[in-house]
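The values are calculated or read from the model by the stated rules, or taken from the named source; none is laboratory data. Computed from a predicted structure; not experimentally measured. For neighbour counting, all protein chains shown are included, and Cβ atoms are generated from backbone atoms with ideal geometry for every residue, glycine included.
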């Protein structure tokens, strides 16, 4: 489990975590399967892997919910997408192009890089896909890193 760098999960697992966060509570396996047009048995196997990583709790026949660590990580995943999309829009892409392009490479961008980009952009509050939230690492981590240099 490596939520600090943001590179620990496959793109599909990232999308599942973001979906669970968006629903805001316990989500049934069939809801996830339906939302992603995937067979429920495939979802169950993938959710078991995410559970083993500590991001969700899975109670068979009741559903899944984010752990505290999972919620923090899912919030970062959403922020990462929104920061990268906004950066691309500010560099000439349409919002739709930016969202599509960010989705193609975002899983390769670490939390540290996102915090630095966010700082450079002035800690924007609104992205092309929605509100951008900030954590202590984003707001103070850069200052601490530069003070240590």
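Side notes on the structure shown:
- Of the set (1) in the same structural domain as residue 134 (by TED's automatic domain parsing); (2) in a helix (DSSP H, G or I), all apply to residue 93 but (2).
Condition check ((1) in a helix (DSSP H, G or I); (2) over 26 Å from residue 131 (Cα atoms); (3) without any contact (Cβ under 8 Å) to a residue 40 or more places away in the chain) across all residues:
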position: 17; (1), (2), (3): yes, no, no
position: 42; (1), (2), (3): yes, yes, yes
position: 64; (1), (2), (3): no, no, no
position: 86; (1), (2), (3): yes, no, no
position: 89; (1), (2), (3): yes, no, yes
position: 99; (1), (2), (3): yes, no, yes
position: 104; (1), (2), (3): yes, no, yes
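- Checking each residue in the range 18-39 for being exposed (fewer than 14 other Cβ atoms within 10 Å of the Cβ) and either assigned by TED's automatic domain parsing to the domain that holds residue 111 or farther than 24 Å from residue 103 by Cα (or both) picks out 25, 30.
- Residue list for the range 47-65, filter: within 15 Å of residue 14 (Cα to Cα) and crowded, with 17+ Cβ neighbours inside 10 Å: 47, 50, 53, 55, 56, 64, 65
- Members of the range 66-118 that are surrounded by fewer than 22 Cβ atoms within 10 Å (Cβ to Cβ) and in contact with a strand residue (DSSP E or B) (Cβ under 8 Å, 6 or more places away or on another chain): 67
- Residues satisfying the stated conditions in the range 107-138, i.e. part of a helix (DSSP H, G or I) and free of Cβ contacts under 8 Å to residues at least 60 places away in the same chain: 113, 115, 116, 117, 118, 119, 120, 136, 137, 138
- Verdict on residue 85 being modelled with pLDDT of 95 or more, outside the structural domain of residue 15 (by TED's automatic domain parsing) and within 24 Å of residue 12 (Cβ to Cβ): yes
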